[in-house]
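The next block holds one structure in the form of structure tokens; read it before the comments.
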Amino acid sequence: MTKIVNHWIGGKAAEGASGTHGPVTNPATGEVTTKVAFASVEEVDAAVAAAQDAYRSWSQSSLATRTSVLFRFRALVDAHRDEIAELITAEHGKVHSDALGEVARGLEIVDLACGINVQLKGELSAQVASRVDVASIRQPLGVVAGITPFNFPAMVPMWMFPLAIACGNTFVLKPSEKDPSAAVRLAELMTEAGLPDGVFNVVHGDKLAVDRLLAHPDVKAVSFVGSTPIARYIHTTASANGKRVQALGGAKNHMLVLPDADLDAAADAVVSAAYGSAGERCMAISAVVAVGAIGDTLVEKIRERAEKIKIGPGDDPTSEMGPLITKAHRDKVASYVRNASAEGAEVVLDGTGHTVDGYEDGHWIGISLLDKVPTSAKAYQDEIFGPVLCVLRTETYEEAVDLINASPYGNGTAIFTRDGGAARRFQLEVEAGMVGVNVPIPVPVGYHSFGGWKDSLFGDHHIYGNDGTHFYTRGKVVTTRWPDPADAPAGVDLGFPRNH
């Protein structure tokens, strides 16, 4: 019997009423294992109404009440991390260790939310004028929404809703319809942790559900992570409807390797960063820029390591890389490799014909490595979101930085070098929001914010960290003047000395 994933509204499962469902496949087998209910406009409205109703009391709850729920939620996620990882593997396809890592990174933001009292401290200026004090405070927005991608079905939602809820907002999540089960499990655990009904809701669906959230007058802010075209659409549409927006888009992350770098360390790093999670992550290294004469040696070291990666189903403990999310996505990724030679690249490794014995219908693709890729090639210009690594060559550091900065994306980048002066120049000169120095995937820890530049971010706020807290709250300044007790009317004696 096919499993059905329903919505979560008002603290309980809500059976889909639209009559429309989407298929969820096991990427390792190609089999449809699950159907997910797609929300109608009325069902989205019901979720927003539940959140709006819950906001009246939740926004007035104490910080101690909110954080106590989040501490219990953190303990529950920790206790169920293997179960959540299994859900991710079954629907996304990533190997179990990757799925566990995703849950762990999501818990970092829950940790931050548990300490939200520090983030929400206000400011006070005493005696700015005679008997006048000025205080700055931060207050919640109301109902906020999150629209999240398929590649991290647990982590990215946890980048959003714990902080939003800790700040006093209520939340409506629209997860990817390709792997929806992890989001519902998180909602169940939030309820088990004692979260009041309606504070956290989950609705599934497609563009209809998204557009309703973007237009709904009671939704005050929208968080999004996904591709650049959709991020631009989310930002434009939600902003036009008067909403606050943080929309994180796509990437083409470059790793600059200088001639003095430890090439073995660089090769180890780039293989992990390019092919981990089958390349389906916005912080994957998808372009290596080799400077000077090291290019041939570096490419050979990458090839040697990449050929040893074991590809197989995510629930096999010996697998190091799993399948791609859908057959259509697999075919699209493969097209970049098949067209690479015609566009001037040298195909060192071609993974487009890869299959796995016993899982022939899975969405498999092997490791692909393209060398001497021109910047005009589609494989370089587009975010491929698969296990395809492009290597580009430059003669100088300056030429390499100009190449990186010419990209329309500015999510993350890295430099591998032993030269501190070169690294310092790079971190100041490169046009990207996150920079790694001998670190290939510079995803910040939870108390620093995550986000890119240029076409990788639309909106003024990065996600989580201080930016996340500011995004989910708005500032208020209170100016206060109280008469001195000594000025009380005659006949009232509060025991204060008279000034006259």
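Can you name the residue in region 396-409 that is surrounded by fewer than 22 Cβ atoms within 10 Å (Cβ to Cβ) and outside any helix (DSSP H, G or I) and, of all such residues, is farthest from the chain's Cα centre (by Cα)? Restricting to residues being surrounded by fewer than 22 Cβ atoms within 10 Å (Cβ to Cβ) and outside any helix (DSSP H, G or I), the top hit is Thr396. A Cβ distance below 6 Å, combined with a sequence gap of six or more or placement on separate chains, defines the contacts here; from region 296-320, residues that are in contact (Cβ under 8 Å) with a residue 12 or more places away in the chain and under 20 Å from Asp264 (Cα atoms) reach residues that are open to solvent by less than 10 Å² (accessible area, probe 1.4 Å) and of a type in the set (Gly, Ala, Ser) in the pairs Leu298/Ala290; Lys301/Ala267; Ile302/Ala267; Arg305/Ala267.
Scan region 420-431 residue by residue and report those that are of a type outside the set (Lys, Arg) and either farther than 17 Å from Glu399 by Cβ or touching a strand residue (DSSP E or B) at 6+ places or on another chain (Cβ under 8 Å) (or both). Reasoning before the result, please.
In the first step, residues of region 420-431 are kept if they are of a type outside the set (Lys, Arg); the result is 420-423, 426-431.
Once the filter is applied, which keeps residues that are of a type outside the set (Lys, Arg) and either farther than 17 Å from Glu399 by Cβ or touching a strand residue (DSSP E or B) at 6+ places or on another chain (Cβ under 8 Å) (or both), region 420-431 yields Gly420, Gly421, Ala422, Ala423, Phe426, Gln427, Leu428, Val430, Glu431.
Counting only helices (runs of 4 or more DSSP H) that sit wholly inside region 41-94, those with at least 1 residues that are under 21 Å from the mean Cα position of the chain (by Cα) and small (Gly, Ala, Ser) are 81-92. Only one of the numbered conditions (1) surrounded by fewer than 18 Cβ atoms within 10 Å (Cβ to Cβ); (2) touching a His at 6+ places or on another chain (Cβ under 8 Å) is violated by Val289, and that is (1).
With respect to (1) surrounded by fewer than 22 Cβ atoms within 10 Å (Cβ to Cβ); (2) closer than 24 Å to Leu112 by Cα; (3) in contact (Cβ under 8 Å) with a residue 60 or more places away in the chain; (4) in contact with a strand residue (DSSP E or B) (Cβ under 7 Å, 6 or more places away or on another chain), the lone exception for Asn466 is condition (4).
If I filter region 357-365 for residues that are under 20 Å from Val257 (Cα atoms) and under 27 Å from the mean Cα position of the chain (by Cα), do I get at least one hit? No, that holds for no residue. Here Pro485 passes the criteria (1) modelled with pLDDT of 95 or more; (2) open to solvent by less than 70 Å² (accessible area, probe 1.4 Å); (3) touching a Phe, Trp or Tyr at 6+ places or on another chain (Cβ under 6 Å) except the one numbered (1). Filtered by the rule that a residue be closer than 28 Å to Lys220 by Cα, assigned to a strand (DSSP E or B) and open to solvent by less than 70 Å² (accessible area, probe 1.4 Å), region 114-136 gives Val134, Ala135, Ser136.
Scan region 78-125 for residues that are polar (S, T, N, Q) and in contact (Cβ under 8 Å) with a residue 24 or more places away in the chain and report the count.
Of the residues in region 78-125, the ones polar (S, T, N, Q) are 89, 97, 117, 119, 125.
Next, from what is left, pick out any that are in contact (Cβ under 8 Å) with a residue 24 or more places away in the chain: 89, 117, 119.
Of the residues in that region, 3 qualify.
Just to be sure before I move on: is Ala377 under 28 Å from Lys308 (Cα atoms), open to solvent by less than 20 Å² (accessible area, probe 1.4 Å) and of a type in the set (Gly, Ala, Ser) in the structure I sent? The answer is yes for Ala377. Within region 185-208, the set of residues being farther than 19 Å from Cys114 by Cα and either buried (at least 20 other Cβ atoms within 10 Å of the Cβ) or charged (D, E, K, R) (or both) comprises Arg185, Asp197, Gly198, Asn201, Val202, Val203, His204, Gly205, Asp206, Lys207. Gln246 satisfies every condition listed in (1) assigned to a strand (DSSP E or B); (2) open to solvent by 20 Å² or more (accessible area, probe 1.4 Å); (3) in contact with a Ser or Thr (Cβ under 9 Å, 6 or more places away or on another chain) except (2). Taking each residue of region 35-58 that is over 14 Å from Ala14 (Cα atoms) and open to solvent by less than 10 Å² (accessible area, probe 1.4 Å) and looking for partners that are of a type outside the set (Ser, Thr, Tyr) and part of a helix (DSSP H, G or I) with beta-carbon atoms closer than 8 Å, six or more apart or interchain, yields Trp58/Arg66; Trp58/Ile165. When Pro162 is tested against (1) in a helix (DSSP H, G or I); (2) out of contact with any strand residue (DSSP E or B) (no Cβ under 7 Å at 6 or more places or on another chain); (3) farther than 25 Å from Asp460 by Cβ, only condition (3) is not met.
Taking the listed residues Gly412, Gly446, Gly459, the one that is of a type in the set (Gly, Ala, Ser), within 30 Å of Arg338 (Cβ to Cβ) and surrounded by 13 or more Cβ atoms within 10 Å (Cβ to Cβ) is Gly412, with no other qualifying. The selection criterion, being in contact with a Lys or Arg (Cβ under 6 Å, 6 or more places away or on another chain), over 25 Å from Pro323 (Cβ atoms), surrounded by 24 or more Cβ atoms within 10 Å (Cβ to Cβ) and not basic (Lys, Arg), does not hold for Val172.
The values are calculated or read from the model by the stated rules, or taken from the named source; none is laboratory data. Keep in mind the model is a prediction, meaning the values are calculated, not measured. Virtual Cβ from ideal backbone geometry, glycine too; neighbours counted across all protein chains shown. Side chains are part of the model used for accessible areas, which takes the heavy atoms of the whole protein and leaves out ligands, DNA and RNA. Shrake-Rupley method; radii C 1.70, N 1.55, O 1.52, S 1.80 Å.
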